[in-house]
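J.: Got a structure for you, questions after.
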Amino acid sequence: MIGPQEMKLVVVYAVIGPIVMLTLTGMALELKPGLDGLTTNTGPHGLTSIFYAYTSAFANNGQNFAGLNTNGPFYNVTLSIAMLAGRFALAVPALALADALSGQSLRSISVGSLDTADFSFSLFVFCVLILSSLLSFFPALCLGPLLEHLL
């Protein structure tokens, strides 16, 4: 049964990425060493460059756009923080959720339960994931690529 404890772990897992990426992007946009890394592009494209660098470090291997120089102490430290959070901060709630679910026994389906092997449950989970992802990153998308296109 997926109860309140399991849902809290899922929410923690889901918000770690946006919190880390958006916080570090905001720090880089507010502090002078972060803005010094922008070599050619400022404005909305600079925001996109910085946000992409932190997103890539969190989720992958730390690529960036050509207009951002990340070879400095500020970006070395903050991109390392994003990379460590992407690797290890996500593992803690995932392992805790696996532990919580592994200790449960099978329960019979009743009127008040939802069958998790059904298509409607899969569609519901997919829609919630898409909606929460859009709401997490929509401000950064509006301030970056969309604003750049309008200008």
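Here, each number is a calculation from the coordinates, and none is a lab measurement. Since the structure is predicted, the reported quantities are computational estimates derived from the model, not experimental observations. Cβ coordinates were reconstructed from backbone atoms using ideal geometry, including for glycine residues, and neighbour counts include every protein chain displayed.
J.: To the nearest 0.05, what FRET efficiency results for S80 and L141 with a Förster distance of 30 Å applied to their C-beta separation?
T.: On the way: r = 25 Å, r/R0 = 0.84.
It comes to 0.75.
J.: Dividing the Cα radius of gyration by the Kirkwood radius, what Rg/Rh value follows for the chain? Walk me through the numbers on the way to the answer.
T.: Details: Rg = 19.3 Å, Rh = 17.6 Å.
Taking Rg over the Kirkwood Rh, I get 1.10.
J.: Give the whole-number value, in cubic angstrom per residue, of the convex hull volume spanned by the C-alpha atoms of the stretch 85-151. Display every interim value, and only then the final one.
T.: On the way: hull volume 9.4 nm³, N = 67.
In the stretch 85-151, the Cα hull volume divided by residue count equals 141 Å³.
J.: Let me ask something else. Evaluate the stretch 1-89: find the radius of gyration of its Cα atoms, find its Kirkwood radius, and give the ratio Rg to Rh. Write down the numbers at each step before the final one.
T.: Working: Rg = 14.7 Å, Rh = 13.6 Å.
For the stretch 1-89, the value is 1.08.
J.: In the chain, which whole DSSP H runs stretch at least 27 Å along their own axis (Cα) and average 0.0 or higher on the Kyte-Doolittle scale? List each step's numbers first, then the result.
T.: Values: long enough: 4-30 (37 Å, 1.24); 119-141 (32 Å, 2.23).
Membrane-span-like by this criterion, though nothing is claimed about a membrane: 4-30, 119-141.
J.: Then there's this: Report the convex hull volume per residue for the stretch 58-104, counting only C-alpha atoms, in Å³.
T.: Details: hull volume 2.8 nm³, N = 47.
Value for the stretch 58-104: 59 Å³ per residue.
J.: For the stretch 19-61, what are the per-bin percents of Cα-Cα distances with bins 10 Å wide, up to the bin holding the maximum?
T.: All Cα pairs, binned at 10 Å, distribute as 31, 57, 12 percent.
J.: Another question, if that's okay. Helix-only mean residue ellipticity at 222 nm, the chain, DSSP H runs n ≥ 4 weighted -39,500 (n - 2.57), per residue, nearest 500. What is it?
T.: One gets -21000 deg cm²/dmol as the mean residue ellipticity at 222 nm.
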